[in-house]
Structure formats: C-alpha cells, structure tokens
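Every number here is computed from the coordinates shown, using simple stated rules; none is lab data. Keep in mind it's a predicted model, so treat the numbers as computed, not measured. In this analysis, Cβ positions are derived from the backbone assuming ideal geometry, glycine residues included, and neighbour counts consider all displayed protein chains.
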Amino acid sequence: MVYEMLSKLDRFERVVDALSHWLNWIAGVAIALMLALIAVDIIGAKLFRWPVPGGIDIVGLLGVVAIGFAIARTQALRGHIEVEFFETKIPQKIRNFVDAVIYALGMLLFVLLTWKTCEYGYTLQSKGEVSMTQGIPLYPFVYGMAFCYLTVFLVLLVQCIRVVYRINK
Amino acid sequence: MSPVVIGVIGVVVLILFFLLRMPVGFAMAFVGLLGFSYLVSPNAGLDILVRDMFYTFSSYSLSVIPMFVFMGCIASGAGMSKRLYDAGYLMLGRLRGGLAMATIAGCAGFAAICGSTNACAAAMGKVSLPEMKRYDYDDSLASGTVAAAGSLGILIPPSTIFLVYGIMTEQSIGKLFIAGVFPGLILAGLFVSAVVIVCARNPSLAPIGATASWKEKLDGVSGIGEMLVLFLLVITGLFLGWFSPTQAGGAGAAGALLIGLIRRQLTWGGFLTAVKDTLRITCMIMVIVAGATVFGHFMAVSKIPLILADWVSALPLPAMAVMAIIVFIYLVGGCFMDSLAMITLTIPIFYPAIVALGFDPIWFGVIIVLIVEMGVVTPPVGINVYVVKGIARDVPIATIFKGVLPFLIAELIMVGILMAFPKIATFLPSLTTY
C-alpha cells in the first residue's frame, strides 16, 4: 500500500519536475531575449537615433516571463532564500512537523495567488487593458503568471507530502 | 487593536516565519497579505498581493537586477575571475601573504563586474583556494580571505544590494553605485593591511611565493584590460547619464558576452550555466522584492514607519548616537538573518527615521552595505563562509570563521571611518546629476 503510494508520488513528482523544468526553459529564453533587446535598443538609440519602439514595454513583459516562469524551478531546487539558523537546532521530528506547516502555508499563499491572478487576468481581458506604448494585451501574461503560481503550488505540495511521509515513517 | 499593535505583531510573526525557514519572499508576502487584509479588508489585501507581484516582475526599472546579475554570471563563465586572480598573483605573489593579497585584488576587480557577494566568493574561491593550498597557506587565512574579500562584490559597483536599496528608497542607482567606489577601494586596502599584519605576526601562515619577471607581470595585467574597459563603460555610462541603469546592466552583460566570445572562453555550456544561474539568483531576489513590496504596504497602513520616524527625531540624543544604535541593530540582525531579508524587512521601517534625522540617504546606503558585508561572514548565518566551505570541503567551518576575524575588524574600522568622514561616500555622487 505504502509502496504503491510512493510510486504514485514519484510519478507525480516527475511530472511536476518536468513542468517546472519546462517553464524554466521559457524563462531562460525570455532573459536571453531581454538582453538582446536591450543591446539592440542601446545600439539603435545611440548610433542611429532609433530606439526599439516600445522597448520599455517589451522588456517589462519579458521580465514577467523571466522571473515568474522561474519561481517553480527555484522552489524545486530550494533556491529561495531561507534563514537557516534556528530550525537546524531543533530535533528532526519537530523540524519535519514545522516544515510541513511552512509548506502548507506556502501552498495557501500560492492557491490564493493563482485564484486572484486568474480573476485579475479576466478583469484585464474584459476591460481590454494593454501596455502603455505598444498596446500589447496584458492579460496573457497575467494568465501565464497564474499558471506559474499553480506550478509553484504543485512543487510545494510534492515537498509537503515528502515531509509528511517522513513524519509517518 | 490599533494599527500600530497589528504592525508590531506582523513584524514578530514575520521574524518567526523567517526562523522557521519559510522562504523570505513568501513570508513577507504572506504576512503583508494577512496584515493588510486585517487593517483594510481581505479583498483589498488580495488585490494588493496580486498587483504588487505582477507589477514588481514587469517593472522596467527593476529589470536592472537581472541584467547586472547576468553580467556577473557571464563574466564568471568566461573565466574573467581567473584572469583577474592571475594578474594579482603575478604582481603580488612574491610578497609574504601575496596570494591572499592577490585574492583580495582579484575580488575587488571581479566586484567591478559582479554585484553579488557569494558569486564573487565562489568565482574567486574556485581559482584561489587550490593555489593557496598548493603554496602551503594556512587554511584559516586562505578560506577567511576568500570569504571576506568576496563581500567586496556588493560594495564596489555594480551591487545587487545597492540596486534593491535604491529601488526601495527611490534613490538614484547611479549615485549609489558611484558612492561605493572609494569605500570599496579603501576597504580592499584595509583587507590587504589585515593580511600584512597577520603574516607579520605569524610568518608560517603564508610562505613567500615565486617571483615573476616584468614581462610576465605586463602580460598578466594586459589580460584584464578589457574588464577595466567594461567596468568603465558601465559606470561612466551610468555616471554621465548615457545609459539608464537597465541599459547599463544590459551593456555590461552584452560586453561580457562579447569578451567571452572573442577570447573563445565562453562555451555554449558556459552560457547556458550563466543563464540558469541568472534565473535562479534573479528569481530569489525578485521574489523577495515583491514580498517586501506587499509587506511595505502593510507597514504603511500600520503607520509604524511614520510614528518611529517622529519618535526617533524627538529623542534627546545626538543624531550620530541614534545612527550608532541603528548600526548596532543591523550588526546583530545581520548575524542571524540573510542580508537581503534584513534590508527588505528593515528599510521600510528605519528609512523614514534616517531621513527625519537629516542623514544623507546615499551615505546611509553605503553604511548599510558595509554592515551587510559583515553579516555575510559572521556566524551563524555567514553565507560567504558556507560558499567557501562548499569549495574547500576539508576545511572545518570554525576554521573559516576564525580566518574571517581580522577582516571583520577591518570592516568595523571602515564603518568607523565612514561615520567620521561621510564625504568618502558622498563626494563622487555630489559630482553627478543623474
């Protein structure tokens, strides 16, 4: 029974891991594009007096992709900054319990973020909100963020289940 | 309950979450959401959470952070840290403690193209620690030098901490960067003095190295010429207003990429590693900035910063005494908390008080960075010490902390100098208009 559950968890973890990996690749492309765009903008503006039209808008939106799409992978690698001082001094069992609570709170945060970001995206879509200079619709980026938050929730869920399993072991 | 009491409870809960190892950015966003929801309304809290996250990530002015991080990661992948160390080694290697001095010079040079303490310590540690081991340097001196000198990464521009401080306090990034130049160079000088004193007291810690010919020395220095050009392009461009901060970061990253390609030292694999490292570092910084923005909104409605500013400015103490107390709080906090967490937590609270006391915000930014530098090498949460430990796995952590001690004294002296002579930090920014 336990073995079966672990095997299912392994499969689920692989799917979530692949998803976060895939999103991270998109983020990587976005950051490379961001650099290319800024370089072209500098050369265009300084040498030919022709900056990239709407460069500021596009760089900002690429920033959403570069950062938002990397959050899940960073969490999967436990790359977000944590204060590792107090918790290392408490017994393993209590630490597992505390970790499970902290993961659960993180999940709550990202569920709320997913839900409200979807709502925000819908509001922008229905109002036809666009970026300042180039008129790029904002809602696809907001929906993209909501999907990323959902992925972070899934990553936290896997990490939480692993800790809960350690508690029950 | 009054908003102030709710604000104080929020700060306490936030510190508790930090101590229980909740990621710093998540904790700030979560507590900010709870506090704002309680003081205004749950709907307003959720709205502010979603908008703060989206607008932080899509902010053009904040895209300066990924660009400067990218610049440092590409520079590291293109072997620039090694060339800087080699140049320092050829110039200083024949002196007692010369390799440690070369490490400090290399870190100061690499700090001019990289804005992070741990990236600087990691890049230079990989190059210098094996060399110091080969020349029989004492483990404590070698590892302590790398950990401490790596902290120059955030004082000599570009600097991620200056970026975050500048964005949070709406100060000019260009002025902050330029303000770090003199203190950074003086601190590097103090670090070298610390090595000289330590080696004079116990010569067995650092044997004398080989002498290099003048031709070798010139060859070594010519290998770092393009990095000097890159630094000057970025900082001068920012200083003279040719570039916006984001453009300066982009120019630096593109320049580092170009140098790596021309020298054929940046491979495709190296570039991909630089991209991955940039994403990870940027993401962890930006999530904290977004969380701090939510938390900052909560602090604003709690009115704590305003009340604290009024209270501090009415204290019957000289302004410098109040500043000394604030510095002490940062010093103690820096021992237990990550530097970025410490800054994003405290700036919304202390900054209005600093302004009310009449201190120059640029000077205060430099003081903050100096104290953060101490925080990255002090036990128990000295991140640079753990970075060095990751490279020199056979060296016990206590040995590294012991090796850091002389450099900590140098940093304390630097804080004292800067408090006594603020002009060291404010002179260059006073010449700029941007």
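Table for the structure above
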{"item": "Likely footprinting exposure, A:MET145, B:MET374, fewest C-beta neighbours within 10 Å first", "result": "B:MET374, A:MET145"}
{"item": "Residue-averaged [θ]222 nm for the protein assembly as shown, counting only DSSP H segments that reach four residues, each worth -39500 (n - 2.57)", "result": "-26000 deg cm²/dmol"}
{"item": "Whole-Hz ³J(HN,Hα) from phi, Karplus 6.51 cos²θ - 1.76 cosθ + 1.60, for the stretch B:262-278, glycine and proline x", "result": "5, 7, 6, 10, 9, 8, 4, x, x, 5, 4, 4, 4, 5, 4, 4, 4"}
{"item": "Integer Hz, Karplus 6.51/-1.76/1.60 couplings in order for the stretch B:323-339, x for Gly and Pro", "result": "4, 4, 5, 4, 4, 4, 4, 5, 4, 5, x, x, 5, 10, 10, 4, 4"}
{"item": "Chain B, relative contact order in percent, only Cα pairs under 8 angstrom and at least six apart counted", "result": "27 percent"}
{"item": "Hydrodynamic radius (Kirkwood) for the protein assembly as shown, which is based on Cα pairs only, to one decimal in Å", "result": "24.9 Å"}
{"item": "Folded to 0 to 90 degrees: helix B:361-375 orientation relative to chain B principal axis, Cα", "result": "60 degrees"}
{"item": "Order of B:CYS114, B:CYS199, B:CYS335, B:CYS283 under a 10 Å beta carbon neighbour criterion, fewest first", "result": "B:CYS335, B:CYS199, B:CYS283, B:CYS114"}
{"item": "Rounded tilt (10° steps) of B:24-39 against the dominant C-alpha axis of chain B", "result": "10 degrees"}
{"item": "Electrostatic dipole magnitude of the protein assembly as shown [Cβ: Lys, Arg +1; Asp, Glu -1; Cα centre; debye, to 20]", "result": "900 debye"}
{"item": "For chain A: relative contact order, % (alpha-carbon pairs under 8 angstrom, 6 or more apart)", "result": "29 percent"}
{"item": "Total charge dipole magnitude, the stretch A:2-164, about the Cα centre, Cβ charges on Lys, Arg, Asp, Glu only, Debye to nearest 20", "result": "100 debye"}
{"item": "Qualifying aspartates and glutamates (Cα of each under 15 Å from Cα of B:LYS217; at least 8 residues distant if same chain)", "result": "B:ASP86"}
{"item": "Total charge dipole magnitude, chain B, about the Cα centre, Cβ charges on Lys, Arg, Asp, Glu only, Debye to nearest 20", "result": "720 debye"}
{"item": "Solution diffusion estimate, µm²/s, Stokes-Einstein, chain B, Kirkwood Rh from C-alpha pairs, 4 °C, viscosity 1.567 mPa s", "result": "59 µm²/s"}
{"item": "Cα-based reach from B:LYS423 at 15 Å (exclusive), listing aspartates and glutamates while leaving out same-chain residues under 8 positions away", "result": "B:ASP360"}
{"item": "For chain A, alpha-carbon Rg and Dmax in angstrom", "result": "20.3, 69"}
{"item": "Residue order, fewest to most surrounding Cβ atoms within 10 angstrom, among B:MET342, B:MET28, B:MET1, B:MET91", "result": "B:MET1, B:MET91, B:MET342, B:MET28"}
{"item": "Qualifying aspartates and glutamates (Cα of each under 13 Å from Cα of A:LYS127; at least 8 residues distant if same chain)", "result": "A:GLU119"}
{"item": "Farthest positive-ward along the stretch A:57-122 dipole, Cα basis, beta-carbon charges - from A:THR114, A:THR74, A:ILE58", "result": "A:THR74"}
